[in-house]
């Protein structure tokens, strides 16, 4: 019997032929001024790109700009950044009131809620508005990237770029290359991510991609257990973090991500797959409906009104 050779190791870095021409990206647009969009705008500006930052809600755009400035100021005050770097980042950021200034940018990142119709409507508008070379990218992890690409009007200049939160700290970026994505589009975005000091990883167009496909069932199950077993959430978080496997427990993590974001992602994945692991727990739904979204609303699984976060009693969480 002949000896079988071992399979070759899998390399997640794509083979990019040197002879294929690459489009140089020098400017970006970010549409959506929520937490995700604000982080992406800061990230791109920190990478040296000129960034046009917009939202259909002027108040949301103003909140995003204020939040970014405050975070940069804290970095300076804590000696994690020098003033010249902060000023250069802000100089490269240009908040704009509508989509028109994005007409000639090289790459546009969509950072809208996980609502299929909303994203498709935006991409249709951008396709009509933008110059032919402009690349469009969705940051979704729960909606089919291929479907959005087909609806965009420019599927060869379209791909998925999912930045796990907090995107200013997590190195990995999930890259979804659909069957339509042109080689030059793929190369240009890969190089742009590397310029932002990110570690791009090529993943398949499946529900949850890689990061949220692993993370969301875990967080959702923690909430189900809290709801059904009358557990102490503070003790659960301490057990997780002090065990050394993770930096923080599931409830502190959900508060940081935003309970609305966790619910939105789980619901979108459940709608797409019918997988019971993604079915949102009633407790998570109740908290979001009550406006308790985590750190950004000053209350979620923890109360952030004092000097230190304190766990909210389960009876109060359940109403």
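The values are calculated or read from the model by the stated rules, or taken from the named source; none is laboratory data. Small disclaimer: the values here were computed from a predicted structure and weren't measured. Quick reminder, even Gly has a Cβ in these numbers, built from the backbone with ideal geometry, and neighbours come from all protein chains shown.
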Which pairs have Cβ atoms under 6 Å, sit 6 or more apart or on different chains, and link a residue in segment 31-43 that is assigned by TED's automatic domain parsing to the domain that holds residue 138 to one that is part of a helix (DSSP H, G or I) and surrounded by fewer than 24 Cβ atoms within 10 Å (Cβ to Cβ)?
33/60; 33/61; 38/67; 38/68; 42/68
Per the filter on segment 67-88, residues part of a helix (DSSP H, G or I) and touching a helix residue (DSSP H, G or I) at 6+ places or on another chain (Cβ under 6 Å) are 67, 68, 72, 76, 83, 86
Out of all the residues in segment 113-128, is one or more part of a loop (DSSP other than H, G, I, E, B), modelled with pLDDT of 95 or more, buried (at least 18 other Cβ atoms within 10 Å of the Cβ) and in the same structural domain as residue 173 (by TED's automatic domain parsing)?
no
Hey, can you tell me all the residues within segment 86-112 that are within 24 Å of residue 190 (Cβ to Cβ) and surrounded by fewer than 14 Cβ atoms within 10 Å (Cβ to Cβ)?
104
Does residue 207 count as more than 19 Å from the chain's Cα centre (by Cα), outside any helix (DSSP H, G or I), surrounded by 19 or more Cβ atoms within 10 Å (Cβ to Cβ) and modelled with pLDDT of 90 or more?
no
Given the conditions (1) in contact with a strand residue (DSSP E or B) (Cβ under 8 Å, 6 or more places away or on another chain); (2) on the phi > 0 side of the Ramachandran plot; (3) exposed (fewer than 15 other Cβ atoms within 10 Å of the Cβ), which single one is not true for residue 298?
(1)
